[in-house]
Amino acid sequence: MKLIVQGKQMRVSAGLKRYAEEHVLQPLRRFYDNEAAELRVEVGRDNANRGESKECHLTLRMPGARTIQIEETTPDVYGCLDVAADRLVRVAKKELGRMRRPKGRHKEHPLATVVAEGGVPGGLVEDLPNGRAINRLERARRTRRK
């Protein structure tokens, strides 16, 4: 995963970059490690409070999933990163669960499989839309077995 650390209206030190890698990137790598993914960390001063508080924007781009954006504001940059990282991990796990879940409503056994296994009584097979085709399949199986 690619990590980009940027500062807005402030300089980003090597210690802050290392902290972001240890406390933001490492928890994500435990359950999602893709080379094409990108994590962008932007830290800076929040102008609403005359620059007294710091804000942190985390943007996680995962291929095949939605882009996740987390925004947090606290007086301390490191605390801001911690809170935002916890939220990001929780939201990313939720999004990956959505990605892995099958879309739509799936049945365990399609109708043809149930009929072939003998799940539908014989008189009802002809009433089904594809009943005649199923009967032809059963006759073909019987002739192959003999």
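The values are calculated or read from the model by the stated rules, or taken from the named source; none is laboratory data. All values derive from a computational prediction rather than experimental measurement. Quick reminder, even Gly has a Cβ in these numbers, built from the backbone with ideal geometry, and neighbours come from all protein chains shown. What goes into the accessible areas is simple: the full protein's heavy atoms, side chains included, and nothing from ligands, DNA or RNA. Shrake-Rupley method; radii C 1.70, N 1.55, O 1.52, S 1.80 Å.
Structure values in brief
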item: Accessible surface of region 1-88 [probe 1.4 Å, protein heavy atoms]: carbon and sulfur percent; result: 41
item: Calculated P(r) tail over 18 Å for region 5-52, as whole % of Cα pairs; result: 41
item: Two-site label geometry, T59 and E42: point separation in nm, points 7 Å out along Cα→Cβ; result: 0.6
item: Most positive-pole-ward Cα, A36, L96, C56, against dipole of region 15-104 from beta carbon charges; result: L96
item: For peptides 22-33, 78-89, sequence by mean Cβ density within 10 Å, most packed first; result: 78-89, 22-33
item: Net +/- balance of residues flanking E42 in space, Cβ distance below 14 Å, scoring K and R +1, D and E -1; result: +2
item: Chain lengthening between A140 and E71 when straightened (0.36 nm per residue, less Cα-Cα); result: 18.4 nm
